[in-house]
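I have placed the structure first, in the form of C-alpha cells, so that the comments after it can refer back to it.
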Amino acid sequence: MFQYEANVIRIVDGDTLLLDVDLGFTLRLKVRVRLARVQAPELANWAADGLHNPAIDWLNEVIPPGSVVVVDIMKTEKYGRWLGTLRYKRGSTSRDDILRAGVVLNDELVSKGFAKKYTS
C-alpha cells in the first residue's frame, strides 16, 4: 500500500474520484480512484433544478474540487481504477493535520447512508 497527498479534481460518482496525486520529487499524476470497501448506488433523484445523486452532492460539499486529501492506494481493480482509502479534514491543507485528525471518507459514506459496505 502507498500513501499520497492529492487534490480533488472531480467527483466522478458516489464512490469514484479523479485526483491529482503528488508522487513526490515534483511528479504529479491524474488518476481515478475507486473508494475501497464501499458501493454507492447509481441512483439519482430529480429535483426542481435537475438530476441529483445524494452521494455526489454530499461529496461535493465535503471535498469540493481543489480539496487536499490523503489517499492510501492499494491496487487496480478490474476497470483499471486504483482502489484506495481516502482521508480528509474540512478546510485543512496539511497532510499531517489530515492524518492526525482527519476522517476516513470510505467509512463516513457508509455511516451516513450514502453507500453500503462492499467486499469483492
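The values are calculated or read from the model by the stated rules, or taken from the named source; none is laboratory data. Keep in mind that this is a model prediction, so the values were computed, not measured. Heads up, the Cβs are rebuilt from the backbone with ideal geometry, glycines too, and the neighbour counts pull from every protein chain shown.
Within segment 99-120, restricting attention to residues that are at pLDDT 95 or above and hydrophobic (A, V, I, L, M, F, W, C), the residue that is nearest to the chain's Cα centre (by Cα) is LEU105.
As for segment 83-94, it holds no residue that is in a helix (DSSP H, G or I), among the basic types (Lys, Arg) and exposed (fewer than 13 other Cβ atoms within 10 Å of the Cβ). A search for C-beta distances below 7 Å between a residue of segment 14-36 that is more than 12 Å from VAL71 (Cα to Cα) and among the acidic types (Asp, Glu) and any residue that is part of a strand (DSSP E or B) and at pLDDT 95 or above, counting only pairs 6+ apart in sequence or on different chains, returns ASP15/ARG34; ASP15/LEU35; ASP15/VAL38.
Scanning segment 63-82 for residues that are surrounded by fewer than 18 Cβ atoms within 10 Å (Cβ to Cβ) and not in a loop (DSSP other than H, G, I, E, B) turns up ASP72, MET74, LYS75, THR76. I'd like the full set of residues that are modelled with pLDDT under 95 and of a type in the set (A, V, I, L, M, F, W, C), limited to segment 26-51. If the condition is that a residue be modelled with pLDDT under 95 and of a type in the set (A, V, I, L, M, F, W, C), then ALA40, LEU43, ALA44, TRP46, ALA47, ALA48, LEU51 are the ones that fit.
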